[in-house]
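Notes to accompany the following structure.
The values are calculated or read from the model by the stated rules, or taken from the named source; none is laboratory data. Quick caveat: nothing in here was measured; it's all calculated off a predicted structure. As a convention, Cβ positions derive from the backbone with ideal geometry for all residues, glycine included, and neighbour counts pool all protein chains shown.
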Amino acid sequence: MSKNKTDNKNKYSHTVLLPKTEFPMRAGLAKKEPQTLAYWKEIKLYQKMLDKTSKKEKFILADGPPYANGRIHMGHAFNKILKDIITKSHTMMGYNSPYIPGWDCHGLPIEQALLKEMKLDKRDVKDIPAFRKRAREFAQNFVNIQREGFKRLGVTADWDNPYLTMSNVYEGLTVSAFFDALEKGYVYKGKKAIYWCPNCETALADAETEYHDKVSTSIYLRFKLVNPTEKLKNLEDKPTYLAVWTTTPWTIPANQAAAVAKEEDYRIMFMPDGTYLIAAEKLADEFLKKIGKEAETVSTVKGEDLVGLKYYHPLTNKENPVIYTDFVTMDTGVGIVHIAPGHGEDDFKAGLQWNLPCTCPVDEKGIFTEEAWEFAGENIFKANPRIIDCLEEIGALLKKEDITHSYPHCWRCKKPIIFRSTEQWFLSVDKDGLRQKLIEEIKNTKWYPQTGERRITSMVEQRPDWCLSRQRFWGVPIMVFYCKECGQMQVQPEVIKAIKERALNEDVKNL
């Protein structure tokens, strides 16, 4: 720098108002941050905050725990820093605001991360106790790693006393709560069509699903009636078919019935190939456009006039019944619904009402079983084209087209899920007015923002019974015993008492 420039700098520097601090020119965070954290630990900052406000009104922030299955990421940072701001600001406002951190140490996320590390598939696990021991160690390792990461973020909490879902006391109280619900009749075991993730190989509760657009191949079919003139008079002795529409061709092997709307009108049409075809009156014209056909209207009948007829299953020639249900709508399709009780919630209920077989020829990986005949061993989604080709070869296919529709996906792996009938444990949401009690409690809670109340209320109002069980190795087991003599699930009262006592004494071992 030249002498003139130096003189100019000295001349004007005193005219600029700058703060005077002891801060060094360089932040030196690599050294400063550990020093700051060590100082906070030395002075017991968290305990000082609580002691100062020990007699003040409490403000409790319930910490929704992260999964102990990996290192922290930006989502963790965003979550923990916001919570830290809330608890510290309330402490400064005079509240007693303890922050007890926690970790979710069980379930699918931990199990999947461990299987990935071990380079194994779930089916490769032979020594289950050893796997559970490894899972516990795996989860504890990431609890420790994440805890140090959260400390580095400057989050102040009771890090030495977190709650862990795999702790003895937590597991014991979980089992105890399950037994309480079982004793009071809220918990039952039953076979139902529930959400199932073929990728994660586990049942899903309704809240564990999310909807995304999916392209599916929808098909229009025809099911041949066995003896149409039995109930439909004034028809000539010609083949008569029901028109059916579905967006899940892979469920056709599990078909057990065809459902109509009892009070709706159905049009009987004479087709160019010399057959009769039946579809809902309100949808018949659009349906004919879809399949590119013209037809002569022969007559119309009520849906209830079709109930009791039988048709041949297009792939097996098995005789299945025509039934009615209250979920057949007139907004899309043809007004006649193919029913597979093993693959749909409404279908399952219809199956119970009409005493239909609950066939589910699909295993936990989404692969057809031997019950699916020639499709056995194939992935259900990949088998769709071949099923459609088979239906076309036998003359049952009227039209196929790709549609984009909202479809349920797994919230963890983000892949499409299915309905699959399996035996599971459920919590009865309507037992002793539980659903209404929950809704009342929602009303008595302040919500920020207010839209949260509407969302959770809608979920509770529409939620089916909650699926409690999961098909995993790593989790709190359901310990219930089956009494052969009485044919019921039972738990001895002394067993429940012992578990509760041991849980409260933090002495529940090897659950």
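Residues that are in a strand (DSSP E or B), out of contact with any Cys (no Cβ under 9 Å at 6 or more places or on another chain) and of a type in the set (A, V, I, L, M) within segment 174-204 comprise just one, Val187. Scanning segment 390-409 for residues that are of a type in the set (A, V, I, L, M) and assigned to a strand (DSSP E or B) returns Leu397, Leu398, Ile403. The requirement of being outside the structural domain of Glu137 (by TED's automatic domain parsing), touching a helix residue (DSSP H, G or I) at 6+ places or on another chain (Cβ under 9 Å), within 24 Å of Ile388 (Cβ to Cβ) and among the hydrophobic types (A, V, I, L, M, F, W, C) is fulfilled somewhere in segment 192-200, by at least one residue.
Inside segment 89-110, can you point out the residues that are touching a residue at least 12 places away in the same chain (Cβ under 8 Å) and assigned to a helix (DSSP H, G or I)?
Taking segment 89-110 first, the residues touching a residue at least 12 places away in the same chain (Cβ under 8 Å) are 90-91, 94-110.
Within segment 89-110, His90, Thr91, Leu108, Pro109, Ile110 meet the criteria.
Mind counting the residues in segment 205-231 that are of a type outside the set (Gly, Ala, Ser) and either assigned to a strand (DSSP E or B) or touching a His at 6+ places or on another chain (Cβ under 7 Å) (or both)?
First, pick out the residues of segment 205-231 that are of a type outside the set (Gly, Ala, Ser): 206, 208-215, 217, 219-231.
Add one more test, that the residue is either assigned to a strand (DSSP E or B) or touching a His at 6+ places or on another chain (Cβ under 7 Å) (or both), and what stays is 209-215, 217, 219-225.
Count: 15.
Could you list, in sequence order, the residues of segment 232-265 that are in contact with an Asp or Glu (Cβ under 6 Å, 6 or more places away or on another chain) and either over 23 Å from Pro357 (Cα atoms) or outside the structural domain of Thr404 (by TED's automatic domain parsing) (or both)? The answer is Asp265, and nothing else.
The residue of segment 201-217 that is surrounded by the fewest Cβ atoms within 10 Å (Cβ to Cβ), among those that are in contact with a helix residue (DSSP H, G or I) (Cβ under 8 Å, 6 or more places away or on another chain) and among the polar types (S, T, N, Q), is Thr217.
This table checks each residue for (1) in the same structural domain as Pro162 (by TED's automatic domain parsing); (2) among the small types (Gly, Ala, Ser); (3) within 42 Å of the chain's Cα centre (by Cα).
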{"residue": "Leu17", "(1), (2), (3)": "no, no, no"}
{"residue": "Glu33", "(1), (2), (3)": "yes, no, yes"}
{"residue": "Leu50", "(1), (2), (3)": "yes, no, yes"}
{"residue": "Ile72", "(1), (2), (3)": "yes, no, yes"}
{"residue": "Ala77", "(1), (2), (3)": "yes, yes, yes"}
{"residue": "Ser97", "(1), (2), (3)": "yes, yes, yes"}
{"residue": "Gly102", "(1), (2), (3)": "yes, yes, yes"}
{"residue": "Leu114", "(1), (2), (3)": "yes, no, yes"}
{"residue": "Lys119", "(1), (2), (3)": "yes, no, yes"}
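Among the hydroxyl-bearing types (Ser, Thr, Tyr), in contact with a Ser or Thr (Cβ under 9 Å, 6 or more places away or on another chain) and either in the same structural domain as Asn199 (by TED's automatic domain parsing) or part of a helix (DSSP H, G or I) (or both): does that describe Thr156?
Against the criterion (among the hydroxyl-bearing types (Ser, Thr, Tyr), in contact with a Ser or Thr (Cβ under 9 Å, 6 or more places away or on another chain) and either in the same structural domain as Asn199 (by TED's automatic domain parsing) or part of a helix (DSSP H, G or I) (or both)), Thr156 does not qualify.
Among residues of segment 111-123 that are within 15 Å of Gln140 (Cα to Cα), those with a Cβ under 6 angstrom from a residue that is assigned to a helix (DSSP H, G or I) and of a type in the set (Phe, Trp, Tyr), sequence gap 6+ or separate chain, pair up as Leu114/Phe138.
Is there any pair linking a residue in segment 328-354 that is free of Cβ contacts under 8 Å to residues at least 12 places away in the same chain and assigned by TED's automatic domain parsing to the domain that holds Lys399 to one that is in a helix (DSSP H, G or I) and surrounded by fewer than 23 Cβ atoms within 10 Å (Cβ to Cβ), with Cβ under 8 Å and at least six apart or on different chains, and which? Listed by first residue and then by second, the contacts come to nothing, as the list is empty. Looking at Ile380, Ile442, just one residue is aliphatic (A, V, I, L, M) and either over 21 Å from the mean Cα position of the chain (by Cα) or within 30 Å of Thr240 (Cβ to Cβ) (or both), and that residue is Ile442. Within segment 65-80, the set of residues being part of a helix (DSSP H, G or I), touching a Phe, Trp or Tyr at 6+ places or on another chain (Cβ under 9 Å) and surrounded by fewer than 16 Cβ atoms within 10 Å (Cβ to Cβ) comprises Ala77 only. When residues in segment 44-60 are screened for being over 14 Å from Asp158 (Cα atoms) and not in a helix (DSSP H, G or I), 7 of them pass. Taken over segment 277-290, the residue count meeting the criterion of being surrounded by fewer than 21 Cβ atoms within 10 Å (Cβ to Cβ), in contact with a strand residue (DSSP E or B) (Cβ under 6 Å, 6 or more places away or on another chain) and either under 19 Å from Lys302 (Cβ atoms) or of a type in the set (Ser, Thr, Tyr) (or both) is 1.
Looking only at segment 99-116, filter to residues that are among the aliphatic types (A, V, I, L, M) and in contact with a helix residue (DSSP H, G or I) (Cβ under 6 Å, 6 or more places away or on another chain); which one of those is surrounded by the fewest Cβ atoms within 10 Å (Cβ to Cβ)?
Among residues in segment 99-116 that are among the aliphatic types (A, V, I, L, M) and in contact with a helix residue (DSSP H, G or I) (Cβ under 6 Å, 6 or more places away or on another chain), the one surrounded by the fewest Cβ atoms within 10 Å (Cβ to Cβ) is Leu114.
Against the numbered list (1) crowded, with 21+ Cβ neighbours inside 10 Å; (2) part of a helix (DSSP H, G or I), Phe419 comes up short only at (2). Whether a residue is closer than 30 Å to Leu108 by Cβ, in contact with a helix residue (DSSP H, G or I) (Cβ under 8 Å, 6 or more places away or on another chain) and surrounded by fewer than 20 Cβ atoms within 10 Å (Cβ to Cβ) was assessed, and Ile388 does not pass this test. Looking at segment 294-314 only, could you name the residues that are in contact (Cβ under 8 Å) with a residue 40 or more places away in the chain and either in contact with a strand residue (DSSP E or B) (Cβ under 6 Å, 6 or more places away or on another chain) or of a type in the set (Lys, Arg) (or both)? Val298, Ser299, Val301, Lys302, Gly303, Leu306, Val307, Leu309, Lys310, Tyr311, Tyr312, His313, listed by residue number.
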